[in-house]
Amino acid sequence: MKIRFRFSRCAASARRFGGAPLALALSAFLLGACNPADKSGAPATAPAVATAPAAAKPALSPAAQAALQRLNAPVVPLSAVAELGKKIFFDASLSTSGKLSCASCHSPENAHAPANDLAVQLGGLSMQQQGGRAVPSLRYHDHAPAFSIGADTTVDEDDKIAAAAAAQAQDKAAHAAPVAKATLSADAATQKLVPQGGFDWDGRALNLTDQAGGPLLAPNEMANKDVSQLLAKLKAAPYASEMQLLFGPGVFTSPNLALGEAYFALAQYQKEDRSFHPYDSKYDYYLAGKAQLSEQEMRGFDLFKDPKKGNCATCHIEKPSRDGLRPPAFTDYEYEALAAPRNKAIAANRDAKYVDLGMCGPWRKDVAKKVNFCGYFKTPSLRNVATRKVLFHNGVFHSLDEVLHFYVERETRPEKWYPHAKDGKVDKYDDLPAIYRANVDTVDAPFDRKPGDAPALTDDEIKDVIAFLQTLNDGYQAGEKAK
């Protein structure tokens, strides 16, 4: 860029002299003489200099723009149906005990997860019956797909692939040799059929509406003995007139009709209320260019993504879609067999014959014969994971430090995590029958190790990863340290 000076005619005459020193000196004299001090003695005015325009800020990427829009989005009032769903969500009178509502286990103050550290929650008529599994959070299901078994389309979130080859590969999938998930290319992913989507740990609920009905009728949760009992409670509820206004005066003539509309309202509340998917963590501010990760958080982030170290991002995808419209949920919505140790705190586990096979039962029945999926549980979102007091489907772990050490030591120090059998050998993968233990992931890092090998992460690196995971907690305020 050329910066132009404005000269008077005197300066122009000075330029007619050559490049000799005398000419330079004369030029300086003439330039000074062309703007002498005025009669009042005021100093001469300096020549005006054109100001270079400020450098334009680089344009935000589509992902950053989308993240910023989410942070700045105004709160939208709930629809009448969602408002009804909110009332149902907090209504403890729908339980047989009169003490348990949806919000009791899915506390808004605790990222819609339990507030206590029980491995499984208590319910039933006397509020003393244990649930079957740890209660998952209800947050960040806004983009969860319905359950299906098909081509793995989430290996690269930036490059969604077609699943046209899935049908041809289906017969081969059940007996295919294990392949490291992190190494799958887009083309290879079409050859690997995987379970994905759905709700609950085993995916048995097809969608949010389907999921809403489970706890209301479960004997160890809200414990309604049948749909007729639940219908009577809805008819007596203070919002019964709202249901008639919204769904018609005949809404209570059939249990299936009334319950279907109630479940729909519950699902609509979770879809519309921003508290279920606020996307306002420090990581979201980082994506929007409004916050910087600390050195430790960035080290943890790098380890989180490194396929030879933490390798967390293979299943807990950290990237938004290319256009930024689908923010990172930190899950691929798929299922894995990770062989968490058996949790003795669950009363059912005191029976040696009882096993929780995830997708293969005991609650899910439709895929029980697909033995290659026995021991598979859904990959949860890692958003707000640092606030959880219990982790894994059976609540066997109570801190991220425990979980990460288990991940990196499961294969290198199995004796630390599993009991010894009567023959003195380590009963590795003790919560899974021997015939299904081949389903456990031993291919992907950090599980691709053998006893005596160095773990994929050191203690200090684990601390760094935890620091990064803390940036996924909702409710970040600019300038605040991640908690």
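The values are calculated or read from the model by the stated rules, or taken from the named source; none is laboratory data. All values reported here derive from a predicted model rather than from experimental measurement. Positions of Cβ are generated from backbone atoms using ideal geometry, with glycine treated the same way; all protein chains shown enter the neighbour counts. Keep in mind that these areas ignore ligands, DNA and RNA; they rest on the heavy atoms of the full protein, side chains included. Shrake-Rupley method; radii C 1.70, N 1.55, O 1.52, S 1.80 Å.
Computed over every Cα-Cα pair of segment 195-327 and binned at 5 Å starting from 0, the pair-distance distribution P(r) comes out as 2, 8, 12, 15, 14, 11, 9, 8, 9, 6, 5, 1, 0 percent.
Provide, as a two-decimal number, the C-alpha radius of gyration of segment 314-449 over 2.2 N^0.38 Å, N being how many residues it has.
Rounded to two decimals, the normalised Rg is 1.12.
Residues in segment 118-135 near a label at Lys225, defined as backbone nitrogen under 16 Å from the 7 Å Cα→Cβ point? Within reach of a label on Lys225, which here means backbone N under 16 Å from a point 7 Å along Cα→Cβ, segment 118-135 contributes 124-126.
Counting only protein heavy atoms and using a 1.4 Å probe, what share of the accessible area of segment 233-297 belongs to carbon plus sulfur, as a whole percent?
Values: 1540 of 2940 Å².
Of all accessible area on segment 233-297, carbon and sulfur atoms account for 53 percent.
Note on Lys416 and Val371: the extension gain reaches 13.4 nm, defined as 0.36 nm multiplied by sequence separation minus the Cα-Cα distance. Taking label points 7 Å from Cα along the Cα-to-Cβ direction, Gln292 and Asn72 give a separation of 2.2 nm.
In the context of the full set of protein chains, segment 326-403 has a per residue accessible area of 41 Å² (1.4 Å probe). Net charge of the neighbourhood of Asp401, taken over other residues with C-beta under 14 Å away and scored Lys/Arg +1, Asp/Glu -1, is -2.
In whole percent, how big is the carbon plus sulfur part of the accessible area of segment 312-364, probe 1.4 Å, protein atoms only? Could the numbers behind the result be given before it?
Numbers: 1230 of 2170 Å².
Its accessible area is 57 percent carbon and sulfur atoms.
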